[in-house]
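Q: Below is one structure. I have some questions about it.
Readers should treat all values here as calculations from the given coordinates under stated rules, not as data from a laboratory. Bear in mind the structure is a predicted one, so any value in this text is a computation, not a measurement. Positions of Cβ are backbone-derived with ideal geometry, glycine not excepted, and every protein chain shown enters the neighbour counts.
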Amino acid sequence: RSSDLNEDRYAVVESPSGLAWIVCDGMGGATGGELAAQLAIDAIRRDLENLPPRPGGEALRDAILEANRIIVLRRQNQAFAQMGTTIVAAMFDGPELSVAHVGDSRAYLVREGAIQQLTTDHTFVQDLVERGQIKIEEALSHPQAHILTRAIGSEPALEVDLNRYWIWDAEPGERPDVLVLCTDGLYSQVSEIEVAALVSEESPQSACVRMVELAKARGGFDNIS
Ligand code: CA
């Protein structure tokens, strides 16, 4: 995108149901994308902070559905009729990690230097890959690479992908796993191998700075989170 708008939003929410890390990438004309991403973050924060404790994954899914309800309502205003947002979120609840997503923002797990994508993009090109019509390597450069098949706000009945994982302590001498949540602004410029190397070599803070710098140096025209 060539504008000065930042349509990415992120937040960390401490709630009775657990600790949530949230990344959103909004879309939809004029300031619609910024608004949708911000509405989603605000709705999720409010929902998680104000409701009594529930299992983390359930709380996270409900909060995302609440964000969807609010954005669907706001879209009845003509000026925001096209707005929506992706989400990728991680909820830490005791020994359990829940990862939820809608759209093409991604979660990756880096373990002992190897990277694995935990989420499956809700995109037109991902469907083509799954049907064997294009190769995975062709997906990002496809002219319709950024067309989403699912977004928060696009319809009242939203399906949220949710996966649960166990968390355990690293053994002495073992490197801890790293979880990466990002928008397409990052992974369209920085390869998975580079992400794996940077988060394995650097502190989380410094790896984030390096990844964003790398994406910008490559002409990243999109927002990067
Ligand atoms: Ca983006």
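Q: Which one of these does GLY185 not meet: (1) away from the ligand (no atom under 16 Å from the Cβ); (2) not in a loop (DSSP other than H, G, I, E, B)?
A: Condition not satisfied by GLY185: (1).
Q: Next up: Listed residues ALA20, ALA40, ALA114; which is farther than 21 Å from ARG150 by Cα and surrounded by 24 or more Cβ atoms within 10 Å (Cβ to Cβ)?
A: Answer to the check: ALA20.
Q: Name the one entry in ALA215, ALA107, ALA145 that is within 16 Å of the ligand (Cβ to nearest atom) and part of a strand (DSSP E or B).
A: After ruling out the rest, the residue left standing is ALA107.
Q: Of these, ASP121, ASP104, which one is in contact with a Leu (Cβ under 7 Å, 6 or more places away or on another chain) and surrounded by 22 or more Cβ atoms within 10 Å (Cβ to Cβ)?
A: Only one candidate qualifies: ASP104.
Q: Given the conditions (1) closer than 28 Å to PHE221 by Cα; (2) over 15 Å from the mean Cα position of the chain (by Cα); (3) in contact (Cβ under 8 Å) with a residue 60 or more places away in the chain, report the number of the one that ALA79 does not fulfil.
A: (3)
Q: Could you list, in sequence order, the residues of region 5-59 that are in contact with a Ser or Thr (Cβ under 6 Å, 6 or more places away or on another chain) and in a helix (DSSP H, G or I)?
A: Across region 5-59, the qualifying residues are ALA36, ALA37, ALA40, LEU48, GLU49, GLY56, GLY57, ALA59.
Q: Here's a follow-up. Can LEU73 be described as over 13 Å from VAL102 (Cβ atoms) and assigned to a helix (DSSP H, G or I)?
A: yes
Q: I would also like to ask the following. Would you be able to tell me the number of residues in region 82-104 that are under 23 Å from ASP169 (Cβ atoms) and free of Cβ contacts under 8 Å to residues at least 60 places away in the same chain?
A: Matching residues across region 82-104 total 0.
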